[in-house]
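Notes to accompany the following structure.
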Amino acid sequence: MKNSLKQELYKFRHQRIPLYGGIALVVLMLYSAVSSSNPSRMLIAQGFGAGQWLTIIMIAIASTFVAMEYQNRTIMTLFYKNSNKSAIYFAKFIVMLIYGALMSLLGLVLTFVLKAVMVGSKYSWGAMYGQHSLLIDLLLNTAGFYIYLLFIIAVAFLLITLIRVNAAVVGIGLVIIFMGAEFSSLVMSALPHFSAIIKWNPLNLVFVINQFANSSYEKYSNLSLPQIIIGNLIYAVIFIAIGDVLFKSRRV
């Protein structure tokens with residue numbers, strides 16, 4: 001496992017996709033900032049949309065990181081050099097978690113810079129606004145994103161090992177992010193007697209990004225904060241396990 005992790009880290013560092021991901025995050029956060037002539041406190045607390053943009057970026061990069069092995073036919077060399085296919089799979093997953101943490105840190109730094117440039121001292125980081133200070137809200141939203149990151153990377157890895165079409169994986173990921181929560185809410189509203197079961201569907205788990213900082217989102221997810229965190233972790237483990245089985249069993 002240790003050797004696989006070193007190998008995957010080396011490969012990832014020497015590719016261009018990590019750089020592209022960072023550039024994309026900068027551009028998208030700038031877009032969120034300049035598209036609003038007077039950024040609101042909520043926009044700042046959400047890191048100028050960093051959590052939303054990062055989920056999209058991470059889906060694309062995670063699926064590409066696995067897909068390139070099949071596209072370049074390097075997957076056969078990997079399997080030849082290392083008979084432990086699970087070690088390869090989990091090493092790639094850990095690399096994505098490390099990259100996601102670094103991208104989250106980049107999002108925080110950019111938020112501080114954009115806030116200083118766009119609104120200056122209009123909103124104090126330490127002043128209380130509702131439940132928390134602005135800084136605490138930002139940190140909680142970042143924590144919520146990272147919990148969801150475990151889930152979304154597991155989904156991306158599962159889908160790319162299943163269908164091996166990168167564009168399709170990104171498309172499905174976008175549907176999950178932008179339409180999944182709304183669809184889940186509609187189903188729960190249409191079938192209130194089954195909401196206790198439906199609320200645990202994976203599409204509903206995206207609310208964790210905002211629910212960390214704002215407990216009012218519980219009325220949309222119908223899950224408490226501990227429940228939605230546990231739900232994300234359980235589904236992440238399930239999808240990782242299924243993806244690992246597919247990764248080991250699919251012919252190359």
Task: GNM result for the chain, Cα springs below 10 Å: residue of 77, 142, 111 fluctuating most strongly - done: 77
Open item on the list: Based on alpha-carbon centroids, what's the gap between the stretch 13-40 and the stretch 173-188 in Å, whole number please?
Closed with: 24 Å
TODO: For residue 129, enumerate residues with amide H under 5 Å from its amide H, sequence gap 5+ or separate chain, H modeled in the peptide plane.
DONE: 134
Open item on the list: Could you give the length gained by full extension between residue 196 and residue 77, i.e. 0.36 nm per residue of separation minus their alpha carbon distance, to one decimal place?
Closed with: 38.1 nm
Task: Lysine pair count for the chain [Cα-Cα under 18 Å; pairs on different chains or 8 or more apart] - done: 15
Open item on the list: For the chain, take the longest principal axis of its alpha carbons; what is the angle in degrees between that and the long axis of helix 134-163, to the nearest 10 within 0 to 90?
Closed with: 30 degrees
Open item on the list: Need the full-extension length gain, residue 23 to residue 2, defined as separation in residues times 0.36 nm minus the C-alpha distance. One decimal, nm.
Closed with: 4.6 nm
Open item on the list: Please check: in the Gaussian network model of the chain (C-alpha springs, under 10 Å), which one of 26, 208, 119 has the largest mean-square fluctuation.
Closed with: 119
Task: Residue-averaged [θ]222 nm for the chain, counting only DSSP H segments that reach four residues, each worth -39500 (n - 2.57) - done: -25000 deg cm²/dmol
Open item on the list: How tilted is helix 2-13 with respect to the longest principal axis of the chain? Cα atoms for both, answer in degrees (0 to 90, nearest 10).
Closed with: 60 degrees
Open item on the list: Place a point 7 Å from Cα of residue 238 in the direction of its Cβ. Which residues in the stretch 121-156 have their backbone N less than 19 Å from it?
Closed with: 147-156
Task: Between helix 85-118 and the chain: long-axis angle, C-alpha atoms, 0 to 90°, nearest 10 - done: 30 degrees
Open item on the list: Could you derive backbone 3J(HN,Hα) for the stretch 230-246 from the dihedral phi with the Karplus parameters 6.51, -1.76 and 1.60 (θ = phi - 60°), listing whole Hz in sequence and x where the residue is Gly or Pro?
Closed with: 4, x, 4, 5, 5, 5, 4, 5, 4, 5, 5, 5, 5, x, 5, 4, 5
Task: residue 41-residue 109 FRET efficiency (beta carbon distance; Förster radius 30 Å; 0.05 resolution) - done: 0.95
Task: Gaussian network model of the chain, springs between alpha carbon atoms under 10 Å - residue of 143, 67, 196 with greatest fluctuation - done: 196
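Here, each number is a calculation from the coordinates, and none is a lab measurement. On a predicted model such as this, the values are computed, not experimentally measured, just so you know. With ideal geometry, Cβ positions are generated from the backbone for all residues, glycine too; neighbour counts draw on all protein chains shown.
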